[in-house]
Amino acid sequence: CLNECITEVYYIMERISLEKNIRLSIDSCEEQLYIYGDRDKFKQMIINLVDNAIKYTPQNGEVYLKLEKYNNNARIEVRDTGIGISKKHLPRLFERFYRVDKARSRSMGGTGLGLAIVKHIVLMFKGDIYVDSEVNKGTTFTIILPLFENK
Ligand code: ATP
Ligand code: MG
């Protein structure tokens, strides 16, 4: 159940966001949504996006996690008010080891695999992922996943 998984991710990440003084909020839908696939993979995918959102958002920023039904799909949005990503980086963003600012990324830790893993899991679920971003304003990742109909 995606609603449950999203809520679990919210509680896992809440502590990390509080440490950085970032407000993490969640907006899940009433209707229970299901997809065909592994729940740990699903959670890993959302954790990676929320982890980035927190990591690339300065103190006192906001991260917003949303789940809704959209046609016959689940639509998950991870939005932040962070540093953003300039347009020229977007095409390569999901490549392994690709990082926008090498110097800054090194100081922040990590490997540059997070989004490559996200993309891989999205494809396993036969879904799609989109990113929309504005430098110094924030970033939104949107995942669309086909629903599993006969729960
Ligand atoms: P890892 O996830 O392996 O710890 P990482 O976060 O650097 O390392 P990815 O998650 O793959 O690697 O992200 C790739 C790059 O995309 C990041 O280095 C960062 O520059 C940029 N990025 C990802 N998410 C965001 C975001 N929400 N806001 C701004 N930049 C982002
Ligand atoms: Mg990452």
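Derivation of every value follows stated rules applied to the coordinates shown; laboratory data play no part. This is a predicted model, so every value here is computed, not measured. Methodologically, a virtual Cβ is constructed for each residue, glycine included, from the backbone with ideal geometry; neighbour enumeration extends over all protein chains shown.
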Checklist entry - What are the aspartates and glutamates whose alpha-carbon lies under 14 Å from the alpha-carbon of Lys66, with same-chain residues fewer than 8 places away excluded? => result Glu4, Glu8, Asp27, Glu30, Glu31, Glu77, Asp80
Checklist entry - Mean residue ellipticity at 222 nm from the helices of the chain, using -39,500 (n - 2.57) per DSSP H segment of n ≥ 4 over the full residue count, to the nearest 500 deg cm²/dmol? => result -11000 deg cm²/dmol
Checklist entry - Based on DSSP, what percent of beta bridges with both residues in the stretch 1-76 are antiparallel, to the nearest 5? => result 45
Item to check | Gaussian network model of the chain, springs between alpha carbon atoms under 10 Å - residue of Ser25, Ser107, Ser86 with greatest fluctuation | outcome: Ser107
Checklist outcome for this item: To the nearest 20 debye, the chain has a Cα-centred charge dipole, built from +1 on Lys and Arg Cβ and -1 on Asp and Glu Cβ, of 760
Checklist entry - Hey, what did the chain get for relative contact order, percent, Cα under 8 Å, at least 6 apart? => result 26
Next on the checklist: Please state the shape class of the stretch 84-139: rounded when a/c is under 1.5, otherwise prolate if a/b exceeds b/c and oblate if not, all from the C-alpha gyration tensor.
Outcome noted: oblate
Item to check | Percent of beta bridges antiparallel (DSSP, the stretch 1-136, rounded to nearest 5) | outcome: 60
Checklist outcome for this item: Quick numbers on the stretch 40-88, Rg and Dmax over C-alpha atoms in Å, give 12.4, 37
Checklist entry - Counting other C-beta atoms within 10 Å, which of Leu147, Leu49 has the fewest, and how do the rest follow? => result Leu147, Leu49
Item to check | Whole-number percent relative contact order across the stretch 90-144, with pairs defined as alpha carbons under 8 Å at least 6 apart | outcome: 26
Next on the checklist: Need one number for the chain: average projected area of the convex hull over its C-alpha atoms, nm².
Outcome noted: 8.5
